[in-house]
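Nothing in this text is a laboratory measurement; each read-out follows from the coordinates by a stated rule. On a predicted model such as this, the values are computed, not experimentally measured, just so you know. So basically every Cβ, Gly included, is an ideal-geometry build from the backbone, and we count neighbours across all protein chains shown.
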């Protein structure tokens, strides 16, 4: 398994305050509002539910027992949503289903987000991030409707917005050196290989979902977010910022 763990930040000129704040916000929600994932009432109330988005109507359902691999599990029902259902597209971006889910997302945001923030500036970067997340969520809703998947299954996570960051990074920094963990070895590869492998995996897994082999991951959101970031990044990019020239030293000559 190839796992990115760092990249070249030598040309970064802005402190990535927004990236840090996004990471802190996601951690805060997961720990204090979701109770490390145990507060299912909060999670199910603020997640994006495709059926709610398609109908603009809050839906409440009862919990039920389901049989999975010979064991019964209790699946909680959808909870009343105290905000307009369309706003769950934003709230769901800051929630996660498990430690592994949030750890993986925040790692990718930490590695690749700061470079884009440096190129765009703080406000542009935040708007870009949220816009990619919205497009990703709508891609998942459309995919659900197209494939006939269960529209009452809630979705959550920052993956769609972060996929947009990855798409923008790939376009702006296709040859940037990325440090990656391959087994027990640390290797250096260009970003087009690291991120290219990632998007191929999303596409292949997405086709598997169409064939009914879904593993519960909203791959359409990943793909939609990635494409959005790739196409929109140039509208937000301010371009490379060159370092200011060193001040000239005046030499006083004595005659």
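Within 10 Å of each residue's Cβ, count the other Cβ atoms and sort 10, 38, 98 from fewest upward.
Ordered from fewest to most neighbouring Cβ atoms within 10 Å, 10, 38, 98 come out as 10, 38, 98.
Regarding the chain, what's the average projected area of the Cα-atom convex hull, expressed in nm²? Can you show the working numbers first?
Working: hull surface 74.9 nm².
Computing the convex hull of the Cα atoms and averaging its projections yields 18.7 nm².
Please label the shape of region 18-59 as rounded, prolate or oblate, based on the square roots a ≥ b ≥ c of the eigenvalues of the alpha-carbon gyration tensor (a/c under 1.5 means rounded; beyond that, a/b larger than b/c means prolate, else oblate).
oblate
How big is region 35-80 on each of its three principal axes, counting only the C-alpha atoms and giving the largest first in Å?
Projected onto the principal axes, the Cα atoms of region 35-80 cover 36, 24, 15 Å.
With the contact rule set at Cα under 8 Å and sequence spacing of 6 or more, what percent relative contact order holds for the chain?
Result for the chain is 25 percent.
Sequence gap at least 6, Cα distance under 8 Å: using those rules, report the relative contact order of region 30-138 to the nearest whole percent.
26 percent
In degrees between 0 and 90, to the nearest 10, how far off the longest principal axis of the chain does helix 219-236 point, with axes built from Cα atoms?
Orientation of helix 219-236: about 30 degrees from the principal axis.
Could you work out the equivalent-ellipsoid semi-axes for region 1-148, taking the square root of 5 times each eigenvalue of the Cα gyration tensor, largest first, in whole Å?
Listed largest to smallest, the semi-axes of region 1-148 are 31, 19, 15 Å.
What ranking do 218-225, 55-62 get when scored by the average of other Cβ atoms within 10 Å per residue, highest first?
Taking the mean over residues of other Cβ atoms within 10 Å, the ranking is 218-225, 55-62.
Using a 10 Å cut-off on Cβ atoms, rank the peptides 136-143, 89-96, 228-235 from the highest mean neighbour count down.
Descending mean neighbour count gives 136-143, 89-96, 228-235.
Could you please rank 117, 52, placing first whichever residue has the fewest other Cβ atoms within 10 Å of its Cβ?
Ordered from fewest to most neighbouring Cβ atoms within 10 Å, 117, 52 come out as 52, 117.
Between 0 and 90 degrees, rounded to the nearest ten: what's the tilt of helix 17-28 against the longest Cα principal axis of the chain?
The two axes meet at around 30 degrees.
What value, in deg cm²/dmol to 500, does the helix sum -39500 (n - 2.57) over DSSP H runs of n ≥ 4 give at 222 nm once divided by the residues of the chain?
Helix-only estimate at 222 nm: -16500 deg cm²/dmol.
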